[in-house]
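Here, each number is a calculation from the coordinates, and none is a lab measurement. All values reported here derive from a predicted model rather than from experimental measurement. So basically every Cβ, Gly included, is an ideal-geometry build from the backbone, and we count neighbours across all protein chains shown.
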Amino acid sequence: MASPGNHPPVIRTVTIQPVPLTLTGPVSAHAEAQDVDRNPLRFRYQWTINGDAVAGQEGEQLPAALLKRGDRVTVQAWPHDGIVEGASMTSEQVVVANSPPVVAALEIDPPSVFPGMRVQVRANLSDVDGDTIHALYRWWRNGKLIHEGDDPEFETAGFVRGDTLVVEAVPSDGASTGVAIRSAAIPVGNTPPKIVSSPATAIVNNRYDYRVQATDAESDAITFSLEAAPSGMQIDAQTGVVTWAAASSQAGAHKVRILAKDSQGAVAFQEFELNLTAVAPAAPAGA
């Protein structure tokens, strides 16, 4: 009962948000009321789905998990000024529409890219209606759109060190298109050198010689080193010439691992095995 001199609040409008009603975000009621006494107002709600009151749902928001496409939803609201509750009003009935798919996460794999590398999209796509999702991918180089299509893989041929690469995903369920999401920009790094020569296999008179040859896409200077080698083996850091004067006591298999490093620190390696055969002692004269 109202207190003497107090007037019950009067509700003016009740609506359901969002419009259209989709399930990709919060489902909420929006009520407006007037109180001539200027008391602060609060509201009580009752949600219904397909004509049935939803038990325990008396708050401003309705969990989207309780709804599905095609459901008919209304909400009834009562205003309260802290003293008395006013008459209620019920919203117009709204129907849950198709919800567009969502891109929850998007990144380029691998995260380290160099020119000529093939990369692919890692995307977390979802659709609350369970519809099949298709995605359009747009690829951006230095802020300029250069390619779009449904292939989640992309070749960075023609890129150079210092470029940036971004991919954008636009999801669709065939009925609705979701919000486009862009990945973080990936800087295109340095291309590692490439060893183009094949190791020599012959060991002649216990001596081994091999000249390593390597190329670099950015024409960076290349230096060579041995990461694994038999004792006594050497490599010229500038020319890549490998020499080894093997001792007879070193007969057996030896692992060799050669590194080629460019001036930016990128590395290529070549690994192989050498087998040194023991030399039989010469037979005594006249035997």
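General remarks:
- The Rg/Rh ratio of the stretch 84-225, with both radii computed over alpha carbons and Rh defined as the Kirkwood radius, is 1.34.
- Other residues within the sphere of radius under 12 Å centred on the Cβ of Pro192, judged by their own Cβ, net out at -1 (K and R +1, D and E -1).
- Gaussian network model of the chain, springs between alpha carbon atoms under 10 Å - residue of Gly162, Gly86, Gly116 with greatest fluctuation: Gly86
- The Rg/Rh ratio of the chain, with Rg taken over Cα atoms and Rh as the Kirkwood radius over Cα pairs, comes to 1.40.
- In order through the stretch 164-170: 3J(HN,Hα) via Karplus (6.51 cos²θ - 1.76 cosθ + 1.60), integer Hz, x for Gly, Pro: 10, 10, 9, 10, 10, 10, 10
- For the pair the stretch 135-160 and the stretch 249-275, the centres of their Cα atoms are 37 angstrom apart.
- FRET efficiency, Arg141 to Glu273 (Cβ-Cβ, R0 51 Å, nearest 0.05): 0.75
- If you bin all the Cα-Cα distances of the stretch 137-287 at 5 Å, starting from zero, the percentages per bin are 2, 8, 14, 13, 10, 9, 8, 7, 7, 6, 5, 4, 3, 2, 1, 1, 1, 0, 0, 0.
- Around Trp78: net Lys/Arg minus Asp/Glu count, Cβ-Cβ under 14 Å: -3
- Straight-line cross-link reach from Lys261 at under 29 Å between alpha-carbon atoms covers these lysines, not counting any fewer than eight positions away in the same chain: Lys194.
- Summed side-chain charge close to Asn6 - residues other than Asn6 whose Cβ falls under 14 Å, Lys, Arg +1, Asp, Glu -1: -3
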